[in-house]
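A short worksheet on the structure shown next.
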């Protein structure tokens, strides 16, 4: 096995300038997974949902006001899926493990806050989009009375 040498390029910006620049980058959401869920909802004839409502804690990916149901589509890497156990990047490993752990803590806090305010929460893992079971769970939740 060959040892490869990684050449580091010096950043022209200071740490504060780089941080300010990166803070301006707006997230584009997890569009591919969300679009897959939206397509399934539309094909199934499910109506009455909103996308990313600002007035709901955690800004769920999909929200059904009449059913008091919040749905989050969680990426396996970003939310630390216990099934997939995606590899943490070797560069800045501590940063990434801390970031994913913070995402998981935030997810739990959001779930608690929503449940305390009377909402039901469904979290769909990215890997489960290839399986029909999440659709069946969702349809059961929508058919039930809170």
Taking residue 66 as the residue in question, decide whether it is modelled with pLDDT of 90 or more, surrounded by fewer than 11 Cβ atoms within 10 Å (Cβ to Cβ) and not in a loop (DSSP other than H, G, I, E, B). yes
All but one of (1) in contact with a strand residue (DSSP E or B) (Cβ under 8 Å, 6 or more places away or on another chain); (2) without any contact (Cβ under 8 Å) to a residue 12 or more places away in the chain; (3) part of a loop (DSSP other than H, G, I, E, B) hold for residue 83, so report the exception by its number. (2)
Going by the conditions given, is residue 33 modelled with pLDDT under 90 and exposed (fewer than 15 other Cβ atoms within 10 Å of the Cβ)? no
With the structure loaded, tell me whether residue 41 is modelled with pLDDT of 80 or more, within 25 Å of residue 78 (Cα to Cα) and surrounded by 10 or more Cβ atoms within 10 Å (Cβ to Cβ) or whether it fails that test. yes
Out of all the residues in segment 29-52, which are under 15 Å from the mean Cα position of the chain (by Cα) and not in a strand (DSSP E or B)? 29, 30, 31, 32, 33, 34, 35, 36, 37, 38, 52
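When you check residue 115 against the structure, is it at pLDDT 95 or above, touching a helix residue (DSSP H, G or I) at 6+ places or on another chain (Cβ under 8 Å) and either over 23 Å from residue 140 (Cβ atoms) or surrounded by 11 or more Cβ atoms within 10 Å (Cβ to Cβ) (or both), yes or no?
no
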Answer with yes or no whether residue 135 is surrounded by 17 or more Cβ atoms within 10 Å (Cβ to Cβ) and closer than 16 Å to residue 34 by Cβ. yes
Contact list please: Cβ distance under 9 Å, first residue in segment 127-146 and closer than 14 Å to residue 41 by Cα, second residue exposed (fewer than 13 other Cβ atoms within 10 Å of the Cβ), pairs at least six apart or on different chains. 135/44; 138/44; 139/44; 142/48
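Determine whether residue 88 is touching a helix residue (DSSP H, G or I) at 6+ places or on another chain (Cβ under 9 Å), within 23 Å of residue 32 (Cα to Cα), outside any helix (DSSP H, G or I) and at pLDDT below 90.
yes
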Please work out which one of (1) outside any loop (DSSP other than H, G, I, E, B); (2) modelled with pLDDT under 95; (3) closer than 21 Å to residue 38 by Cα is the condition residue 101 fails and give its number. (3)
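The values are calculated or read from the model by the stated rules, or taken from the named source; none is laboratory data. Source: prediction; values computed, not measured. Ideal geometry is used to build each Cβ from the backbone, glycine not excepted, and the neighbour counts take in all protein chains shown.
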